[in-house]
1. Residues to consider are 6, 71, 40, 65; find the one that is over 60 Å from the mean Cα position of the chain (by Cα) and either in contact (Cβ under 8 Å) with a residue 40 or more places away in the chain or in a helix (DSSP H, G or I) (or both).
2. For residue 110, state whether it is in a helix (DSSP H, G or I), out of contact with any strand residue (DSSP E or B) (no Cβ under 9 Å at 6 or more places or on another chain) and at pLDDT below 80.
Amino acid sequence: MNAGQLAALIAAGFFAAGTCAGVYVLARLARLISAATAVLTSYQAGADDVLRRARAVVERADEQLARTGALADGVEQVTASMSELSEEVSAVARTARLIASGLGTPALRLAALGHGVRRALAMRRAGQVTQVTQLPGGAMPGRAAPGRAAPGRAAAGLQLRAGSRPADRALRNGARR
């Protein structure tokens, strides 16, 4: 072996060692690239999941905003209705005040007359009053004739049911006069 062949043999050994080192590095690089691809794929899947949930949240928020808008419209309608109702109640109150001031006393007197007639008829039907006489001068029992004091029931000729006078009730209940 001469020096040229020895140099070629050493060069071939270095070339083989370099090639083995290159293959080893390329294998490690391939493993690194596949791991990076797996990481990127999992990040992409996670990002897709996050984006999908974010879209769902945005859609729900949009639905809630639409409902809130509908509620706001409803509140505006209720407010407008309440305003109209308030105006109508004010108008009715003014009318009631006018009626009360102008017709209040005559209407009360008419209502009192109607109540008195109904009560008298009810008492008459129930048999509580059997006879009503008119006082001298045209006055009715229990009312004073013009210029006179009001007479009592006994003087007016009213006949009451037995036990219906206040004194009879007081005696029946054990009270003393």
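1. Numbers: 71 fails: over 60 Å from the mean Cα position of the chain (by Cα); 40 fails: over 60 Å from the mean Cα position of the chain (by Cα); 65 fails: over 60 Å from the mean Cα position of the chain (by Cα).
None of the others qualify; the one that does is 6.
2. Numbers: in a helix (DSSP H, G or I): yes; out of contact with any strand residue (DSSP E or B) (no Cβ under 9 Å at 6 or more places or on another chain): yes; at pLDDT below 80: no.
Here the answer is no, as residue 110 does not meet what is asked.
The values are calculated or read from the model by the stated rules, or taken from the named source; none is laboratory data. What you see is a predicted model; the values in this text were computed from it and never measured. Cβ sites come from the backbone with ideal geometry, for glycine too, and all protein chains shown count toward neighbours.
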